[in-house]
Amino acid sequence: MRKICDYFGVEHYEILLPAAEFESLIAIRGVSGNFRDRRLTECISHIIRSSDKRILEVQGTFFEYYYSFAKPGSVLRLLVRFEEHDGIVEFNRMVRIGAPGQSCQTLHRYSGIAVMFGDRIFMHDHQRDRTLDLTQTILYPDFSGQINVMTGMSLGVAANQQRTPCCARTYLERVSPLSTWRQNYRQCGLLDAKKGEVPQIILDAIDNSHSGPNHFTPYSMS
């Protein structure tokens, strides 16, 4: 009985009440919602507890590069910051639409958590300002020393009227610890790959032209 009560979030004496009284109690308290939150919390907690502790090594700030979903042909450079809070590695993505160093046309903020399983980093985030989409990213971290470079692929939707689902290779590199957040943020935006604004090693890593033949597979630096 104790296990049943714990599972549904009720006391043992409450479950022994006459049916009508118990029904009224549940109607007021809303056990169904409590049960849903409990299961969701248990699921997320299990994922975080099972995460490889090496995920803590990713803490810091990175530039992320990938071909823009909404503006084909342009490379998007954005800012990602990983921080640990109470054993959970959280991150924030700042997506700045516009030319680097110039006024920002559009700014999107994303928040999420990162975990590691089987030498791969899994990032899950949501858009904070409008909550129009979720993004999933899987990365190959570089374990040669401090994690300074990560490659992989990201799945999301284009920020346009069509809301087209897209998958693209992505490249993350750690920024200098001597630089400020504002300095890094000003460098973010849409880049023209044809004008040499993106280093060739990054263009090779985010090239989506070779994707198979049977699945869309990421480019690994290893």
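The values are calculated or read from the model by the stated rules, or taken from the named source; none is laboratory data. The structure presented is a predicted model; accordingly, all values stated were derived computationally and were not measured. Here the Cβ is made from the backbone with ideal geometry for all residues, glycine too, and neighbour counts use every protein chain on show. Note: accessible area is taken over every heavy atom of the protein model, side chains too, but ligands, DNA and RNA are not part of it. Shrake-Rupley method; radii C 1.70, N 1.55, O 1.52, S 1.80 Å.
Placing dummy labels 7 Å off each Cα toward the beta-carbon, the span from GLU197 to SER45 is 4.7 nm.
Among the chymotrypsin sites (Phe, Trp or Tyr not before Pro) within the range 101-197, those in coil by DSSP and having at most 11 neighbouring Cβ atoms inside 10 Å are PHE143.
Exposed loop sites are taken as trypsin sites (Lys or Arg not before Pro) in a DSSP loop (any state but H, G, I, E or B) with at most 16 other beta carbon atoms within 10 Å; the longest stretch of the chain without one runs 1-127.
The solvent-accessible area of LEU25, taken with every protein chain present and a 1.4 Å probe, is close to 50 Å².
Compute, for the chain, the length of the dipole vector about the Cα centre, with Cβ point charges of +1 (Lys, Arg) and -1 (Asp, Glu) only. Units Debye, rounded to 20. All intermediate terms of the calculation are to be shown ahead of the outcome.
Details: 25 positive and 24 negative charges, 129 e Å.
Here the chain has a charge dipole of around 620 debye.
Note on LYS194: aspartates and glutamates with a C-alpha under 18 Å away, same-chain residues under 8 apart excluded, are ASP204, ASP207. Solvent-accessible surface of the chain, averaged per residue with a 1.4 angstrom probe and all protein chains in place: 59 square angstrom. In the chain, taking the dipole from charged Cβ atoms about the Cα centre, the farthest positive-side position among ALA20, GLY98, ILE48 is held by GLY98. Largest to smallest in accessible area, the residues ILE97, ILE138 fall in the order ILE138, ILE97 (1.4 Å probe, all protein chains included).
Surface composition of the chain: carbon and sulfur make up 54 percent of the accessible area, probe 1.4 Å.
What's the extension gain from THR217 to THR180 if we count 0.36 nm per residue and subtract their Cα-Cα distance?
Numbers: separation 37, 0.36 × 37 = 13.32 nm, distance 3.44 nm.
Residue separation times 0.36 nm, minus the Cα-Cα distance, leaves 9.9 nm.
Normalised by the number of residues in the chain, the mean separation of alpha-carbon contacts (under 8 Å, six or more apart) gives a relative contact order of 18 percent.
In the range 41-146, which GluC sites (Glu not before Pro) are in a loop and have at most 11 other Cβ atoms within 10 Å, using DSSP for the loop call? Walk me through the intermediate numbers first.
Numbers: sites: GLU42, GLU57, GLU64, GLU83, GLU84, GLU90; in loops: none.
Here no GluC sites (Glu not before Pro) fit, given the DSSP loop and packing criteria.
When all protein chains stay in place and ligands, DNA and RNA are ignored, the 1.4 Å accessible-area order of SER103, SER176, SER45, largest first, is SER103, SER176, SER45.
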